[in-house]
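Each remark here refers to the structure printed beneath this line.
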Amino acid sequence: MITSLLLALACNGGKVPPAQAGVVDAGLPPTPAELLAQQAPGAAAEPLAPTDAGYAVYRALSVRDPEPTCAEVEALSPTPVETLREVVDRAQQPPWAGMRAANCLVQGHGAEVQADLVAWVGGADTRGLALLVLDQLDLLPEDVALAVATAALAGPHAADASARVPKSRHPALQALVP
């Protein structure tokens, strides 16, 4: 009985899959092919993650519960830093996918992605990423944290930075805010 049911579900009864019928399953993030199909004719073809590894990381980070560990997510890609950057840059839904990717970058690759961190705290439209970084300054090497905090204090999120930077355990960062 169960085998018959599984076989029927797997075969889909000869019906056209939802993605081919123009319907996307609301329970799962769309596949790269579905994203391309949704674009307007003549629009640039730029799927969320063109690589299998990129899409696997995006899907893993999109799960609501339980949240995957950074080690689990990074194991899905031969180039985890680049793949996580791609998710931060391109993922729009669910909103936590990009934030989780950014969190993994801060926690495990701060020195390698210092330019990204400085851009996030200095960007007018990246307040969420800036707050994530500012709340984790102590996880970064001190020289990286100092560069990030300095950029944050001079940028559009200076008020947020002046409230968070003094909470750092690094005396050099505490000294930045009078």
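The values are calculated or read from the model by the stated rules, or taken from the named source; none is laboratory data. Keep in mind the model is a prediction, meaning the values are calculated, not measured. Using ideal geometry, Cβ is built from the backbone for each residue, glycine included, and neighbour counts are taken over all protein chains shown. Ligands, DNA and RNA are excluded from the accessible area calculation, which covers all protein heavy atoms including side chains. Shrake-Rupley method; radii C 1.70, N 1.55, O 1.52, S 1.80 Å.
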Q. How much of residue 157 can a 1.4 Å solvent probe reach, expressed as accessible area in Å² and rounded to 10?
A. 10 Å²
(Q) What distance in nm separates the two pseudo spin-label positions at residue 96 and residue 172, each 7 Å out from Cα along the beta-carbon direction? (A) 3.5 nm
Q: Tabulate in residue order the Karplus-calculated ³J(HN,Hα) for region 121-138, using 6.51 cos²θ - 1.76 cosθ + 1.60 with θ = phi - 60°, rounded to whole Hz; enter x for Gly and Pro.
A: 6, x, x, 5, 9, 10, 4, x, 5, 4, 5, 4, 5, 4, 6, 10, 4, 6
Q | Solvent exposure ordering (accessible area, 1.4 Å, most first) of 153, 61 | A | 153, 61
Q. Using θ = phi - 60° and the Karplus curve 6.51 cos²θ - 1.76 cosθ + 1.60, what whole-Hz ³J(HN,Hα) does each residue of region 55-71 get, with Gly and Pro shown as x?
A. 6, 5, 5, 4, 4, 4, 6, 7, 5, 5, 9, x, 5, x, 7, 4, 4
(Q) Using protein chains only and a probe of 1.4 angstrom, how many square angstrom of residue 126 are accessible, to the nearest 10? (A) 30 Å²
**Q.** Cβ-placed point charges (K, R +1; D, E -1), dipole of region 116-178 about Cα centre in debye, nearest 20
**A.** 180 debye
Q | Estimated D of region 110-178 in µm² per second, where Rh is the Kirkwood radius over Cα pairs and Stokes-Einstein applies at 37 °C, 0.692 mPa s | A | 291 µm²/s
